[in-house]
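Take this structure first; my questions come after.
The values are calculated or read from the model by the stated rules, or taken from the named source; none is laboratory data. Quick caveat: nothing in here was measured; it's all calculated off a predicted structure. Every residue, glycine among them, receives a Cβ derived from its backbone with ideal geometry; neighbour counts consider all protein chains shown. Surface areas here come from the heavy atoms of the whole protein model, side chains and all, with no ligands, DNA or RNA. Shrake-Rupley method; radii C 1.70, N 1.55, O 1.52, S 1.80 Å.
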Amino acid sequence: MVKNLSGVLAAGAAALTLLASPQAHAQSGEPIKIGLGIAMTGGLAGPGKQALLGVQIWEEQINKKGGLLGRPVRLIAYDDQTNASTVPGLYTKLLDVDKVDLILGPYATNMIAPAMPVAMQKGKTIIGLFGLAINTEFNYPKYFAMIPTGQNTKPSFTEGFFEIAAKNKIQSVALVAADAEFANNACEGARTNAKKHNIKIVYDGKYPPPTTDFTPIVRAIQARNPEAVVICSYPPDSVGMVRAVNEVGFKPKMIGGSMVGLQISAIKTQLGPLLNGWINYETWVPTKEALNPEIQEFLKVYQERAKGAGVDPLGYYLGTWGYAYAELLGKAVEGAKSLDDDKIADYLRKNTIQTIMGPIKFGKNGEWVDSGMMQVQYKGIKGNDLDQFRGMDTQIVVAPASRATGEAVLPFEKAQQQ
């Protein structure tokens, strides 16, 4: 799949949206141009747009501080339309036509993978935003992952889920995944976790990404009578799965695992009480410990800007991470004192870099040395009001034990009532 995508050129690139913030033009000197492709439309637009706003806030703030290497920063961003086939063409355009100095990778595994051959051909350092196990195939020394999966990449998304299952003596599990790169990687990790905990897989299925009716899939899983269900999905699928499970009345002991989208405020408010009882991965939650001064300051700016920008009003999922991955690149440039990609990559490999999301240290394959993945359980959600999701009242961290704020409530049916 990746090899075929690498051959796709700039078809449709003219229709992409170009964003360049005006602040850079108000400064003197030749700007340092940073290019990226990111979802502004399509199924990943929700998280993509909040990540982009985070990057734009970083651009504005770094320019207020004097830019990088004494030069202003100019961001050039194109909409990848949540379509992997657009990605090689738009990164080729950024490098060959726009002549950007640096690149940031796209958001999401399915979009980062087709950007890799272009970055590799051009010798560019690339930081991918929330790409799962991207570099296991490419082994590219100038790739770095902005996702807290640690060295145990594929199993990390469901590791906590299976730890809870084992603790509660779950004996069987069903696995279901979108037939796409991220979901397949996450599901592979789930198989590893099931084997580790000696939990029998009684269903292991895939569905095509365009699927909209999930009722037949849920009924097929239900027929196997699994005690736990792991779902590896992207936002539209995640919503469809939650609705189908509730409509069918399917009540396993545990359900969730690796569903992208449940972290997004608009989806939380859309689904409301239907989320009660679900257990799913998280990468950051607003605990007192996590709300450091830098995060608080960023969220204050982000949430004010979000009001008129049509993006996620809280920014907890990718607003913070979007800022942080641009911040990471900026600090590497300053640390290397250069725009040379080899020197930037060398700096990233050798140093622990402080960001608003905490210190980041890279290990093998450009992945984090340590994992920060969590599993949360939703509870006590009433109605569709946004404010109930601002703090920790409607979710508890249930894994890993070192970061837990409470115990998982099982079975799922009992948790739905809390």
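Take the residues in the stretch 75-116 that are of a type in the set (Val, Ile, Thr) and free of Cβ contacts under 8 Å to residues at least 60 places away in the same chain, then tell me which one is most open to solvent (accessible area, probe 1.4 Å).
97
Picking from 380, 406, which residue would you name as being at pLDDT 95 or above, in a loop (DSSP other than H, G, I, E, B) and touching an Asp or Glu at 6+ places or on another chain (Cβ under 9 Å)?
After applying the criteria, what remains is 380.
Which count do you get for residues in the stretch 243-279 that are touching a strand residue (DSSP E or B) at 6+ places or on another chain (Cβ under 9 Å), of a type outside the set (A, V, I, L, M, F, W, C) and closer than 15 Å to residue 174 by Cα?
Residues flagged as touching a strand residue (DSSP E or B) at 6+ places or on another chain (Cβ under 9 Å), of a type outside the set (A, V, I, L, M, F, W, C) and closer than 15 Å to residue 174 by Cα within the stretch 243-279 amount to 5.
If you don't mind, there's one more thing I want to ask. I want to confirm something. Restricting to the stretch 380-417 and keeping residues that are closer than 23 Å to residue 158 by Cβ, among the polar types (S, T, N, Q) and out of contact with any strand residue (DSSP E or B) (no Cβ under 9 Å at 6 or more places or on another chain), which single residue is surrounded by the most Cβ atoms within 10 Å (Cβ to Cβ)?
Step by step, filter the stretch 380-417, then rank; the result is 416.
Sticking with this structure for a sec: Kindly provide the set of residues from the stretch 61-74 that are out of contact with any Lys or Arg (no Cβ under 8 Å at 6 or more places or on another chain) and open to solvent by 30 Å² or more (accessible area, probe 1.4 Å), ordered by number.
Correct list: 61, 64, 65, 66, 70, 71.
Being in contact (Cβ under 8 Å) with a residue 60 or more places away in the chain and surrounded by fewer than 24 Cβ atoms within 10 Å (Cβ to Cβ) is the filter here, so list the residues in the stretch 245-262 that pass it.
Passing the criteria: 251, 252, 253.
Mind checking whether some residue in the stretch 293-302 is of a type in the set (Phe, Trp, Tyr) and either touching a strand residue (DSSP E or B) at 6+ places or on another chain (Cβ under 8 Å) or open to solvent by 20 Å² or more (accessible area, probe 1.4 Å) (or both)?
No.
Checking the structure you have, find out if any residue of the stretch 3-22 is closer than 30 Å to residue 295 by Cβ, modelled with pLDDT under 95, out of contact with any Gly (no Cβ under 6 Å at 6 or more places or on another chain) and part of a helix (DSSP H, G or I).
So far as the stretch 3-22 goes, yes, one or more of its residues are closer than 30 Å to residue 295 by Cβ, modelled with pLDDT under 95, out of contact with any Gly (no Cβ under 6 Å at 6 or more places or on another chain) and part of a helix (DSSP H, G or I).
Right, something else. Sort out which residues of the stretch 117-154 are among the aromatic types (Phe, Trp, Tyr) and surrounded by 22 or more Cβ atoms within 10 Å (Cβ to Cβ), and write them in order of number.
130, 143, 144
Any chance the stretch 346-354 includes a residue that's under 30 Å from residue 389 (Cβ atoms) and open to solvent by 20 Å² or more (accessible area, probe 1.4 Å)?
Looking through the stretch 346-354, at least one residue is under 30 Å from residue 389 (Cβ atoms) and open to solvent by 20 Å² or more (accessible area, probe 1.4 Å).
Looking at the stretch 218-237, which of its residues are open to solvent by 30 Å² or more (accessible area, probe 1.4 Å), part of a helix (DSSP H, G or I) and either in contact (Cβ under 8 Å) with a residue 12 or more places away in the chain or within 17 Å of residue 377 (Cα to Cα) (or both)?
Scanning the stretch 218-237 gives 219, 220, 222, 236.
If residue 173 meets every condition in (1) outside any helix (DSSP H, G or I); (2) open to solvent by 40 Å² or more (accessible area, probe 1.4 Å) apart from one, which number is that one?
Residue 173 satisfies all of (1) outside any helix (DSSP H, G or I); (2) open to solvent by 40 Å² or more (accessible area, probe 1.4 Å) except (2).
Of (1) within 13 Å of residue 50 (Cβ to Cβ); (2) touching a strand residue (DSSP E or B) at 6+ places or on another chain (Cβ under 9 Å); (3) assigned to a helix (DSSP H, G or I), residue 240 satisfies all except one. Which?
The failed condition is (1).
In this structure, does residue 313 turn out to be within 18 Å of residue 292 (Cα to Cα) and surrounded by fewer than 21 Cβ atoms within 10 Å (Cβ to Cβ)?
The answer is no for residue 313.
Restricting to the stretch 176-199, and then to whatever is part of a helix (DSSP H, G or I) and charged (D, E, K, R), can you tell me which residue is least open to solvent (accessible area, probe 1.4 Å)?
181
I've got another one for you. State the number of residues belonging to the stretch 200-217 that are part of a loop (DSSP other than H, G, I, E, B) and either aliphatic (A, V, I, L, M) or at pLDDT 95 or above (or both).
Qualifying residue count for the region: 5.
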